Structures are given as structure tokens and as C-alpha cells.
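Written out below as C-alpha cells is the structure these notes cover.
The values are calculated or read from the model by the stated rules, or taken from the named source; none is laboratory data. What you see is a predicted model; the values in this text were computed from it and never measured. Backbone-built Cβ (ideal geometry, glycine too); neighbour counts: all protein chains shown. For the accessible areas, the whole protein counts, side chains as well, though only heavy atoms, and no ligand, DNA or RNA atoms are used. Shrake-Rupley method; radii C 1.70, N 1.55, O 1.52, S 1.80 Å.
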Amino acid sequence: MHLYWAGSAAAGALLGSLVPDSVTGLDFALTALFVVLALDAVRELRGDLPTVLLALLCALAARLLFPHQLLLAALALFAAGLLARRLAGLRKAAHV
């Protein structure tokens, strides 16, 4: 999987250099990717803390605590929140 990811990133960088500067709208592609990923997360709502709510809470906390490093802080908080939610689910399943 790592080789696939690294190879795709390298191919994208090489092919991206061939795109002329007159092409507009490609800067929105990464934003669109994250919107699609967020929509998939919304569809996966479960009985615990919804992923969308967790993401919003992490973004708000990052905005308040680390306004100059918003993206990095929000993603780190979100990853920690997902890990905590997973561990809580595993503990709950072990006690049942």
C-alpha cells in the first residue's frame, strides 16, 4: 500500500507539471476529495459520537487553541479522537 501511495504521488507530481498554467479549477480537487470523504463519514453514522460531530469539535478546538496551525492541529485532534472512539468501542465489546 505504501508503494502504491508513493508511486501515485510521484506520478501525480510528474504529470501535474505537464498541466499548463491556463487550466483553472484544479486547485479545488483536494477540497472536493475531502468533501467526498466527509460525505462517506456522514453515511457511516453509528450509535457512538458521530464522525461529523467529532470533526467539527476538533476543527473548533484547533481554531481556538492553535489558530496559526489550524489544519495540522485539527487533523491531529481528529486522529486522536478516532483512536479514542475505537479503543472505547473495543473496551465496550470486551465487557459485553
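Comparing Ala73, Ala11, Ala55, which has the greatest mean-square fluctuation in the GNM of the chain with Cα pairs linked when under 10 Å apart?
It is Ala11.
Can you list the residues, at least 5 places off or on another chain, whose amide H is less than 5 Å from the amide H of Phe66, using H built in the peptide plane?
Amide H to amide H, under 5 Å and 5 or more residues apart or across chains, Phe66 pairs with nothing.
From the backbone phi of the stretch 30-39, what are the Karplus-calculated ³J(HN,Hα) couplings (6.51 cos²θ - 1.76 cosθ + 1.60, θ = phi - 60°) in whole Hz, Gly and Pro given as x?
5, 4, 4, 4, 5, 5, 5, 5, 5, 5
For the chain, calculate the relative contact order in percent as a whole number, restricting contacts to Cα pairs under 8 Å that are 6 or more residues apart. If you can, show how the numbers build up before the last one.
Numbers: 30 pairs, mean separation 14.8, N = 96.
Computed value for the chain: 15 percent relative contact order.
Hey, with R₀ at 25 Å, roughly what FRET efficiency would Leu82 and Phe28 work out to, going by the Cβ-Cβ distance, to 0.05?
On the way: r = 26 Å, r/R0 = 1.04.
After rounding, the FRET efficiency stands at 0.45.
What's the carbon and sulfur percent of the stretch 10-96's accessible surface, probe 1.4 angstrom, rounded to a whole number? Let's see the in-between values first.
On the way: 5160 of 7070 Å².
Exposed carbon and sulfur together represent 73 percent of the surface.
Could you list the residues of the stretch 9-32 with an amide nitrogen less than 14 Å from a label point located 7 Å from the Cα of Arg63 in the Cα-to-C-beta direction?
none
Mind sorting out which of [x] 1.43; [y] 1.14; [z] 1.77 is the real Cα Rg over 2.2 N^0.38 Å computed from the coordinates?
It is the one labelled [x].
How much length, in nm to one decimal, is gained on full extension between Leu71 and Trp5, taken as 0.36 nm per residue of separation minus their Cα-Cα distance? Don't skip to the answer; put the middle values down first.
Details: separation 66, 0.36 × 66 = 23.76 nm, distance 2.13 nm.
So the chain would gain 21.6 nm between Leu71 and Trp5.
Considering only DSSP states other than H, G, I, E and B, which trypsin sites (Lys or Arg not before Pro) in the chain qualify as loop sites with at most 11 other Cβ atoms within 10 Å?
On the way: sites: Arg43, Arg46, Arg63, Arg85, Arg86, Arg91, Lys92; in loops: Arg46.
In loop regions of the chain (DSSP not H, G, I, E or B), the sparsely surrounded trypsin sites (Lys or Arg not before Pro) are Arg46.
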